[in-house]
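A.B. asks: Would you mind keeping the following structure in view while I ask a few things?
The values are calculated or read from the model by the stated rules, or taken from the named source; none is laboratory data. Computed from a predicted structure; not experimentally measured. Glycine also receives a Cβ, built like all others from the backbone with ideal geometry; neighbour counts cover every protein chain displayed.
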Amino acid sequence: MTPYNWNQISISSYQMNAWNFPQSVLAGTMAKVYVEWDQYIFDDQEDDGGEVVYQLQGAPISASFQLQARATTTSFNLQAYYTNVATTSHSLGSIPPIGCSSVSLRADHVLTQTLSVGGQLANGARYFDLRPVISSGIFKTGHYSTLPIIGYQGANGESFSQIISEINAFTAANAELIILNLSHDLNTDSGYGSLTQANWNQLFQQLSGLSHLYVAPNPTTIDLSTLPLSQFIGLGSAAVIVLVDAGDKTVTLGSYASQGFYNSITQFPLFNSYADSNDLSTLENDQLTKLAQNRTSWNSSEFLLSWTLTQQGIDFTQKDAPSIIDYGNQANNDLFTALPPVINRNVFPNILYIDNFNRTDVTALAIGINDYNTNWQVTGTQVQRFASLGRRVSQLLL
């Protein structure tokens, strides 16, 4: 999706069975294109190739880009070549003074991913659902559930020490906003109970090693979603926010409440309700209906689009049942055709929540939502700007 019409300038191909692109793609729409390489046994696969160039009509500066098909002896590749176009996401000066409720971030949850936090950051993830567990005396990420008779089942992911190192390495070179949401805590060393206040204090102390922890004005009472994005990163420095939803509701942040740690329920209110289904059509209907009901204006409360298929009981009884990663790949492919048609300046998610975030095209979708909604609308002498930013994060199963 784009705020500009795409007008085709040129197209060419060699030895491609299918390489047909529309003459134009209208602003706010998307086009599905079928591409097929030649794999005839007597042809040289490496000669397969195609190019199509599009000009962005109405862009502030002359902007064009090229989509390319390339092949090697072992792979087929689609890629984009930016001839003279830049993305707004890399320009701090273009950040509008709009609250976070008009921004969309991408997010993932632990043990349903194939990349580390560092790898997901590199792919564009900025919101992390981290579920802290104590395992062998070490704070790690984990994802557990209870099954009848069997009890707790699950696995651990990266250690928090490794996550801290990866985030610090990223923020040293990138002035970006990163949100860590901590919830579903467990002590697997002690009966799978919730972390105690002492446990949390130890984790807070460890997380204090994060560089660029963001301390907001009135940090103990502020609603972070009301702050403009420029408040976090407008001065060219990264910002890291730690949100906490402890299982034991008597746990407090204590002195850490003024050191970059916040109550996720009261200080970052968010609609988050997943479909709890392994059926794609059910997921679509559930999430898009909730999106329409809860995002009724551009500054509605934060909305997390939980685009994840959930394993059901029958999945554990069938040998060839899809894994969470398999379900994630299925849902992620569907996201590109299901979500864009319902997006407008009022209806858009703030967080795209997916499994198996090992690809950058979801980031491109998030940027597309942002660019589409970052249009200037002029009514008389009044100018309004609408923005949404979507990003998503995930973790590695070790």
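A.B. asks: Of everything in the stretch 123-161, what is among the aliphatic types (A, V, I, L, M), under 27 Å from THR363 (Cα atoms) and modelled with pLDDT of 90 or more? Give them in sequence order.
C.D. replies: The one that is among the aliphatic types (A, V, I, L, M), under 27 Å from THR363 (Cα atoms) and modelled with pLDDT of 90 or more: LEU130.
A.B. asks: If a residue has to be over 22 Å from the mean Cα position of the chain (by Cα) and either polar (S, T, N, Q) or outside any loop (DSSP other than H, G, I, E, B) (or both) to count, how many in the stretch 147-190 make the cut?
C.D. replies: 11
A.B. asks: Output the residues belonging to the stretch 180-202 that are more than 19 Å from ASN272 (Cβ to Cβ), in contact with a helix residue (DSSP H, G or I) (Cβ under 8 Å, 6 or more places away or on another chain) and surrounded by 22 or more Cβ atoms within 10 Å (Cβ to Cβ).
C.D. replies: Applying the first criterion (more than 19 Å from ASN272 (Cβ to Cβ)) to the stretch 180-202 yields 186-202.
Okay, now just the ones that are also in contact with a helix residue (DSSP H, G or I) (Cβ under 8 Å, 6 or more places away or on another chain), so 187, 195, 201.
Passing the criteria: only LEU195.
A.B. asks: Another question, if that's okay. Could you check, for the stretch 306-327, whether at least one of its residues is modelled with pLDDT of 80 or more, in a helix (DSSP H, G or I) and either in the same structural domain as LEU283 (by TED's automatic domain parsing) or among the basic types (Lys, Arg) (or both)? Give the steps one after another, and end with the answer.
C.D. replies: The first filter runs over the stretch 306-327 and keeps only residues modelled with pLDDT of 80 or more, leaving 306-310, 326-327.
Applying the additional criterion that residues be in a helix (DSSP H, G or I) yields 326-327.
Then drop every residue that is not either in the same structural domain as LEU283 (by TED's automatic domain parsing) or among the basic types (Lys, Arg) (or both), which leaves 326-327.
So far as the stretch 306-327 goes, yes, one or more of its residues are modelled with pLDDT of 80 or more, in a helix (DSSP H, G or I) and either in the same structural domain as LEU283 (by TED's automatic domain parsing) or among the basic types (Lys, Arg) (or both).
A.B. asks: Ok, one more. Identify the residue in the stretch 11-46 that is touching an Asp or Glu at 6+ places or on another chain (Cβ under 9 Å) and under 19 Å from TYR81 (Cβ atoms) and, among all such residues, is surrounded by the most Cβ atoms within 10 Å (Cβ to Cβ). Quick ask: steps written out before the conclusion?
C.D. replies: In the first step, residues of the stretch 11-46 are kept if they are touching an Asp or Glu at 6+ places or on another chain (Cβ under 9 Å); the result is 11-19, 37-39, 45.
Filter once more, keeping what is under 19 Å from TYR81 (Cβ atoms): 11-14, 16, 19, 37.
Numbers: ILE11: 15, SER12: 11, SER13: 18, TYR14: 12, MET16: 18, TRP19: 22, TRP37: 20.
Ranking the candidates gives TRP19 first.
A.B. asks: Only one of (1) surrounded by 14 or more Cβ atoms within 10 Å (Cβ to Cβ); (2) closer than 17 Å to PHE261 by Cα; (3) not small (Gly, Ala, Ser) is not met by PRO217, so which one is it?
C.D. replies: (1)
A.B. asks: Here's something else I'd like to know. Within the stretch 260-287, restricting attention to residues that are under 17 Å from LEU339 (Cβ atoms) and aromatic (Phe, Trp, Tyr), which residue is surrounded by the most Cβ atoms within 10 Å (Cβ to Cβ)?
C.D. replies: The extreme case among them is PHE271.
A.B. asks: For ASP276, work out the one condition from (1) outside any helix (DSSP H, G or I); (2) closer than 27 Å to LYS140 by Cα; (3) at pLDDT 95 or above it doesn't fulfil.
C.D. replies: The one condition ASP276 does not meet is (3).
A.B. asks: Quickly run through the stretch 281-304 and pick out the residues that are part of a helix (DSSP H, G or I) and of a type in the set (A, V, I, L, M, F, W, C).
C.D. replies: The initial filter retains those residues of the stretch 281-304 that are part of a helix (DSSP H, G or I), namely 281-294.
Scanning the stretch 281-304 gives LEU283, LEU288, LEU291, ALA292.
A.B. asks: Considering only residues of the stretch 143-179 that are touching a strand residue (DSSP E or B) at 6+ places or on another chain (Cβ under 7 Å) and exposed (fewer than 14 other Cβ atoms within 10 Å of the Cβ), which is nearest to TYR127 (Cα to Cα)?
C.D. replies: Among those residues, the one meeting the criterion is SER145.
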